[in-house]
Amino acid sequence: MKSALARNVLAVVGRETPRLPDAAALLSAVPVPVVMLDGQNRFRYANHAAEQFLGMSMVQLLQHGLADLLPRDNPIFQLIEQARQNEVTISDYDLSLQSPRLNKQGITVQASPMHEEPGAVVLVMQDASSARNLDRQLTFRSAARSVTGMAAILAHEVKNPLSGIRGAAQLLESSVTPADRELTVLIRDEADRIRALVDRMEVFGEKPIERGPVNIHRVLEHVRRLAQSGFAEKIRLHEVYDPSLPPVDGNRDQLIQVALNLVKNAAESISGAGMTNGEITLITGFQHGMRLSVPGSDQRMHLPMLVVVRDNGPGIPDDIRANLFDPFVTTKPSGSGLGLALVAKIVSDHGGLIEVDSRPGRTEFRLHLPVVHDDGESM
Ligand SMILES: Nc1ncnc2c1ncn2[C@@H]1O[C@H](COP(=O)(O)OP(=O)(O)O)[C@@H](O)[C@H]1O
Ligand SMILES: [Mg+2]
């Protein structure tokens, strides 16, 4: 006969307890850098993202303290000490983690004491710029939408009176003195110029795009040929392609337009700076994890196709960065400022995303696009 105690023990053992996953394995899958420090700020653990973030493997980190990586006056030490002393979780925003080894800015750090191990603190570090990127991306989208509306109004309201003006000037031309004819010709020419601008704007109009499987490498090849036989004749063009990519789900002509505008800007930036060692690199790749939530809905986009246009020009001027994708934003004497607005519009029509990363000597426009036959959730 079993005692009551034994029965209880059996009952507990016999109950199906779910097997818990290994905590380290769990943490290593988290894409956010997480480290654990002991009471002397020596590394006791770093997940995979932290290894990448800090540029050291866990084995290396275990032989170091945080003070080997960062100067002692870095505010992160104060943050850690506060969390340790007060036994509460504390966050600090926009920290700079800078040293000869490390160069990170705008980092959000959260320090939490580990109650199981006295003195130990867990740090979670997040690069706020990735969140900011997404923010900016969303503003680009609304800029694209406002272009759409404006294009429709412009096309409708400007074109008709414009042809009236042009016709009238043409009529006058036959009856005025040669000196005045110069003026009527001026009116005609300027009317033509406005018309051309409006025509260019009209491509922003709200027409549903025809989509199908597009070989992105053919698109880029086409653009490369255009560039090398024209505006980028003297600039070296590199291609770093992933040949195994599936077709993009998109519109070929529009994707050519996107790539062309980006490559043209890159070339203009290089030649504008008078560089002789200018280089443009076209890169394609597949990103399994590229999934983004659409704000305000539970939709998720899967955008595994990555297309990068990189140049080694002087970079995007600071003062236009915030409005880069707005129409009419240009730093060129005869620029239209419509190139990137159109890029944003087309990419957004494709359900894609565009990101920019620019510093002197390296500017990257990164497109994320949907592919055909995507097993993941698409738009
Ligand atoms: N690759 C680049 N490098 C540096 N600046 C760039 C680059 N691409 C775009 N820009 C900046 O963005 C501005 C807007 O570009 P865009 O919309 O194509 O209009 P536009 O080329 O007519 O000026 C450019 O005038 C330039 O200042
Ligand atoms: Mg341009």
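Just so you know, all these numbers are worked out from the coordinates, no wet-lab data involved. Because the structure is a prediction, the values reported are computed rather than measured. Heads up, the Cβs are rebuilt from the backbone with ideal geometry, glycines too, and the neighbour counts pull from every protein chain shown.
Descriptive notes on the structure:
- Cβ crowding within 10 Å, taken as a proxy for footprinting-reagent exposure, orders K234, K264 from fewest neighbours to most as K234, K264.
- Across the stretch 51-66, rounded Karplus estimates of 3J(HN,Hα) from the backbone phi angles (6.51 cos²θ - 1.76 cosθ + 1.60, θ = phi - 60°) give 4, 5, 4, 8, x, 9, 6, 4, 4, 5, 4, 4, 8, 10, x, 4 Hz, Gly and Pro being marked x.
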